[in-house]
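Undergrad: Below is the structure I would like to discuss, written out as structure tokens.
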Amino acid sequence: QVQLVESGGGLVQSGGSLRLSCAASGSIFRLSDMGWYRQAPGKQRELVATITNRGTTNYADSVKGRFTISRDNGRNTVVLQMNSLKPDDTAVYYCNLHIITRDYWGEGTLVTVSS
């Protein structure tokens with residue numbers, strides 16, 4: 001069974017930075033693609049960034065140049081470094097692990113960006 005635990009959310013002023021971390025249990029982490037998604041109030045969940053098991057990254061256009069996703073296979077963690085935050089980045093951020101046809105989700109961490 002895979003468990004994902006996010007940390008690092010909080011309240012930050014516009015222009016500030018936050019670092020989200022996701023710790024995964026189990027032995028499949030290094031074989032899995034990882035991602036961060038977010039859901040703002042009244043909106044659907046959307047992709048923020050993904051990183052494949054080989055390290056290839058992909059970003060939503062809205063965060064390109066501001067966010068960076070990385071992974072540490074030795075520690076079973078994936079990190080989302082968020083810089084130049086905007087009020088529109090306010091959302092609950094979810095960690096995702098994808099392997100073959102299965103998806104696992106964390107419970108989410110709230111990021112609030114004040115103007």
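The values are calculated or read from the model by the stated rules, or taken from the named source; none is laboratory data. Please read all numbers here as calculations on a predicted model, not as lab measurements. Cβ placement follows ideal geometry from the backbone for every residue including glycine, while neighbour counts extend to all protein chains displayed. Keep in mind that these areas ignore ligands, DNA and RNA; they rest on the heavy atoms of the full protein, side chains included. Shrake-Rupley method; radii C 1.70, N 1.55, O 1.52, S 1.80 Å.
Undergrad: Can you name the residue in the stretch 94-115 that is farther than 22 Å from Gln3 by Cβ and among the hydroxyl-bearing types (Ser, Thr, Tyr) and is also most open to solvent (accessible area, probe 1.4 Å) among such residues? Talk me through it step by step, then tell me what you get.
TA: Filtering the stretch 94-115 for residues farther than 22 Å from Gln3 by Cβ gives 112-115.
Going one step further and asking which of them are among the hydroxyl-bearing types (Ser, Thr, Tyr), we end up with 112, 114-115.
Details: Thr112: 46, Ser114: 42, Ser115: 134 Å².
Filtering first and then ranking leaves Ser115.
Undergrad: Does Ser25 qualify as being more than 22 Å from Ser114 (Cβ to Cβ) and out of contact with any Gly (no Cβ under 8 Å at 6 or more places or on another chain)?
TA: On the way: more than 22 Å from Ser114 (Cβ to Cβ): yes; out of contact with any Gly (no Cβ under 8 Å at 6 or more places or on another chain): yes.
So Ser25 fits the description; yes.
Undergrad: Looking at the stretch 71-115 only, could you name the residues that are among the aliphatic types (A, V, I, L, M) and within 13 Å of the chain's Cα centre (by Cα)?
TA: Matches in the stretch 71-115: Val78, Val79, Leu80, Met82, Ala91, Val92, Leu97, Leu110, Val111.
Undergrad: Any idea how many residues of the stretch 1-35 are in a strand (DSSP E or B) and among the polar types (S, T, N, Q)?
TA: Residues that pass the stated criteria total 3.
Undergrad: When the stretch 67-84 is examined, which residues are found to be among the charged types (D, E, K, R) and either modelled with pLDDT under 95 or over 13 Å from Leu20 (Cβ atoms) (or both)?
TA: The answer is Asp72, Arg75.
Undergrad: Can you pull out every residue in the stretch 1-22 that is under 24 Å from Ser114 (Cβ atoms) and more than 16 Å from the chain's Cα centre (by Cα)?
TA: Leu11, Val12, Gln13, Ser14, Gly15, Gly16
Undergrad: Considering the stretch 34-56 alone, what residues qualify as being surrounded by 19 or more Cβ atoms within 10 Å (Cβ to Cβ) and of a type outside the set (A, V, I, L, M, F, W, C)? Explain how you work it out, then say what you get.
TA: Pass one, the stretch 34-56, residues surrounded by 19 or more Cβ atoms within 10 Å (Cβ to Cβ): 34-38, 48-51.
If the condition is that a residue be surrounded by 19 or more Cβ atoms within 10 Å (Cβ to Cβ) and of a type outside the set (A, V, I, L, M, F, W, C), then Gly35, Tyr37, Arg38, Thr50 are the ones that fit.
Undergrad: So, in the stretch 1-28, how many residues would count as being under 10 Å from Cys95 (Cα atoms), buried (at least 16 other Cβ atoms within 10 Å of the Cβ) and among the hydrophobic types (A, V, I, L, M, F, W, C)?
TA: 5
Undergrad: Quick check, is Leu110 farther than 24 Å from Ile28 by Cβ and either of a type in the set (Asp, Glu) or not in a loop (DSSP other than H, G, I, E, B) (or both)?
TA: Numbers: farther than 24 Å from Ile28 by Cβ: yes; either of a type in the set (Asp, Glu) or not in a loop (DSSP other than H, G, I, E, B) (or both): yes.
Taking the combined requirement at face value, the residue satisfies it.
Undergrad: Next question, about the same structure. Keeping to the stretch 57-93, report how many residues are free of Cβ contacts under 8 Å to residues at least 60 places away in the same chain, open to solvent by 50 Å² or more (accessible area, probe 1.4 Å) and outside any strand (DSSP E or B).
TA: 8
Undergrad: Right, here's the next one. Give me a count of the residues in the stretch 95-115 that are in contact (Cβ under 8 Å) with a residue 24 or more places away in the chain, over 11 Å from Gly9 (Cβ atoms) and of a type in the set (Ser, Thr, Tyr).
TA: 3
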